[in-house]
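The values are calculated or read from the model by the stated rules, or taken from the named source; none is laboratory data. Every value quoted in this text rests on a predicted model; they were computed, and no experiment measured them. FYI the Cβ positions are ideal-geometry reconstructions off the backbone, even for glycines, and counts take in every protein chain you see. Just so you know, the surface numbers come from the protein's heavy atoms only, side chains and all, with ligands and any DNA or RNA stripped out. Shrake-Rupley method; radii C 1.70, N 1.55, O 1.52, S 1.80 Å.
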Amino acid sequence: MVVIDGGALTREQVVAVVRGHAPVEVGDSALAEVTKTRAHVERLAEAVTPTYGVSTGFGALATRHIPLDRRAALQRSLIRSHAAGAGDPVEAEVVRGLMLLRLRTLATGRTGVRPEVVEALCGLLNAGITPIVHEYGSLGCSGDLAPLSAVALALMGEGEVTVDGAVHPAKDALYEAGIAPLELAEKEGLALINGTDGMLGMLVLALADLHRLLDIADLTAAMSVEALLGTDRVFAPELQALRPHPGQAHSAARMTALLHGSAIMDSHRGPHCNRVQDAYSLRCAPQVHGAARDTVAYVETVADRELAAAIDNPVVLPDGRVESNGNFHGAPVAYPLDFLAIPAADVAGMAERRTDRMLDANRSHGLPPFLADDPGVDSGHMIAQYTQAAIVSEMKRLAVPASVDSIPSSAMQEDHVSMGWSAARKLRKSIDGLTTVLAIELLTAARALDLRAPLTPAPATAKAVAALRRSVPGPGPDRHLAPDIAAAEALIRSGDLP
């Protein structure tokens, strides 16, 4: 159970709810603060003087005073008109992250919604009802407007949702779950859609994925060093200490541990070993992987700050004042999302270079061309490396930042936007690409280690080879590699590797 008490959520709690479907509960103290804040909004709603977001229009129409009998229609119209996304539906986990993080902000009491709104959104999450949110519609400023509007539309009993992967009308799914459709009151439409929750949710999920993938990159790099008869002396702690970046030291220590006890490595140690100048893709793996780790560590600080934020416009302060602000701008999240795409592409590019080296008989120190059973008859892993190269090329394009772009909107009221949602969407593609690239290196390095027999690999890398072989029997002249790559990807995602 994850309790929403109005305070910060941890990244681990977000992943537990979004991917693990942990149940959510709104704490009594949070509901009390929501109730207290709502009283301020209702007082302002009855006042003669207009208050933005409570008794006026929105955005470029902020100066129009809305009469009392038209305000419910205003809220409905706001959500219906803003639920204007297009493109394919985004992943269910992205929508669940969007919902959870908007719920957390609503529970702070700074948005002015009624407790019924908080409880309805909590109920939607716990019932496994996922509104259909489309790929395009957010500029990452004034909130992830179209995506969040799709969620708000479902709370009103309109639009479509999925339950266990099947599409249903929202009103039917709410009825089955015992959730009453909401009729939104003053301020509630804005409060439901004016947040950067979609891009933040995708950032948190990306961080969880990259933690796992950077560990896998250390593993596949170590396997490649071993298979290519490289040296592990360059990973020594005294050498890493000369350049004291924590991520570099961590990756070097992991690679040293993974290679410990390798008969393959021992076979070419000693004073006569000339392997002191390995290619950069082998020798500099801790430097690149470590820089990626340090980037992730920085981005985690940004995510943690955002997970403690209450983002809405206007906001209701504890003393009852309703104030406009610019906290909905996505730049603080958009930049880190773009930042992460750079090391993801670089780590993938280095892995592809190691794979290519294992397939080239001129550089692989005794391995057969393309690791084929019968070179010429069998192409081995040749085209798997092509697949890596195609993905790495795409990842380089995806590393071009979205946040440097801005297309003005809302009659120039929103004249600078963050494009943070776009940055998040392309980062998810990059993470998928990195997973596939590492899966191909894992397959290739495992094949190369098999070909070094009777010399045996390190216990840790042997364990990785054994885990892979349980789902991938091993290449042969008539074997289809695509299912093997998919199986290696699944193994990477499972977390069952050293």
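The criterion of at least 1 residues that are farther than 15 Å from THR105 by Cβ and in contact with a helix residue (DSSP H, G or I) (Cβ under 7 Å, 6 or more places away or on another chain) is met, among helices (runs of 4 or more DSSP H) falling completely within the stretch 140-219, by 145-155, 170-177.
If you scan the stretch 92-117, which residues turn out to be of a type in the set (A, V, I, L, M, F, W, C), more than 19 Å from the chain's Cα centre (by Cα) and surrounded by fewer than 23 Cβ atoms within 10 Å (Cβ to Cβ)? Hits for the stretch 92-117: nothing passes.
Residues checked against (1) over 22 Å from the mean Cα position of the chain (by Cα); (2) open to solvent by less than 30 Å² (accessible area, probe 1.4 Å); (3) among the hydrophobic types (A, V, I, L, M, F, W, C):
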site	(1), (2), (3)
MET255	yes, yes, yes
ASN274	yes, no, no
CYS284	yes, no, yes
ALA292	no, yes, yes
ALA303	no, yes, yes
ALA308	no, no, yes
ARG321	yes, no, no
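I need the full set of residues from the stretch 220-250 which are over 17 Å from ALA279 (Cβ atoms) and not in a loop (DSSP other than H, G, I, E, B), in order please. If the condition is that a residue be over 17 Å from ALA279 (Cβ atoms) and not in a loop (DSSP other than H, G, I, E, B), then PRO237, GLU238, LEU239, GLN240, PRO246, GLY247, GLN248, ALA249, HIS250 are the ones that fit. Could you say whether any residue in the stretch 328-345 is in contact with an Asp or Glu (Cβ under 9 Å, 6 or more places away or on another chain), open to solvent by 10 Å² or more (accessible area, probe 1.4 Å) and under 30 Å from LYS36 (Cβ atoms)? Yes, the stretch 328-345 has at least one match.
Conditions tested, residue by residue: (1) open to solvent by 10 Å² or more (accessible area, probe 1.4 Å); (2) on the phi > 0 side of the Ramachandran plot; (3) of a type outside the set (A, V, I, L, M); (4) out of contact with any Gly (no Cβ under 8 Å at 6 or more places or on another chain).
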{"residue": "VAL163", "(1), (2), (3), (4)": "yes, no, no, no"}
{"residue": "ASP172", "(1), (2), (3), (4)": "yes, no, yes, yes"}
{"residue": "ILE193", "(1), (2), (3), (4)": "no, no, no, no"}
{"residue": "HIS211", "(1), (2), (3), (4)": "yes, no, yes, yes"}
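PRO475 meets all of the listed conditions (1) farther than 19 Å from ARG254 by Cβ; (2) open to solvent by 50 Å² or more (accessible area, probe 1.4 Å); (3) in a loop (DSSP other than H, G, I, E, B); (4) modelled with pLDDT under 95 but one, namely (2). Within the stretch 22-53, the set of residues being within 30 Å of ARG96 (Cβ to Cβ) and at pLDDT below 80 comprises GLY53 only.
Taking the criterion of being open to solvent by 10 Å² or more (accessible area, probe 1.4 Å) and of a type in the set (A, V, I, L, M), the residues of the stretch 217-243 that qualify are LEU229, VAL234, ALA236, LEU239, ALA241, LEU242. Look through GLU135, GLU158, GLU176 and report the one residue that is on the phi < 0 side of the Ramachandran plot and touching a strand residue (DSSP E or B) at 6+ places or on another chain (Cβ under 7 Å). One residue alone meets the criteria, GLU135. Just one of the listed residues (SER406, SER418, SER430) is outside any helix (DSSP H, G or I) and either under 20 Å from the mean Cα position of the chain (by Cα) or buried (at least 24 other Cβ atoms within 10 Å of the Cβ) (or both), and it is SER418. Pairs linking a residue in the stretch 165-179 that is farther than 19 Å from ALA92 by Cα to a residue that is aliphatic (A, V, I, L, M) and open to solvent by less than 60 Å² (accessible area, probe 1.4 Å), with Cβ atoms under 7 Å and 6 or more positions apart or on different chains, are ILE179/ALA120; ILE179/LEU124; ILE179/ALA127. The helices (runs of 4 or more DSSP H) located wholly in the stretch 1-91 that include 2 or more residues which are closer than 30 Å to THR301 by Cβ, free of Cβ contacts under 8 Å to residues at least 60 places away in the same chain and open to solvent by 20 Å² or more (accessible area, probe 1.4 Å) occupy 11-18.
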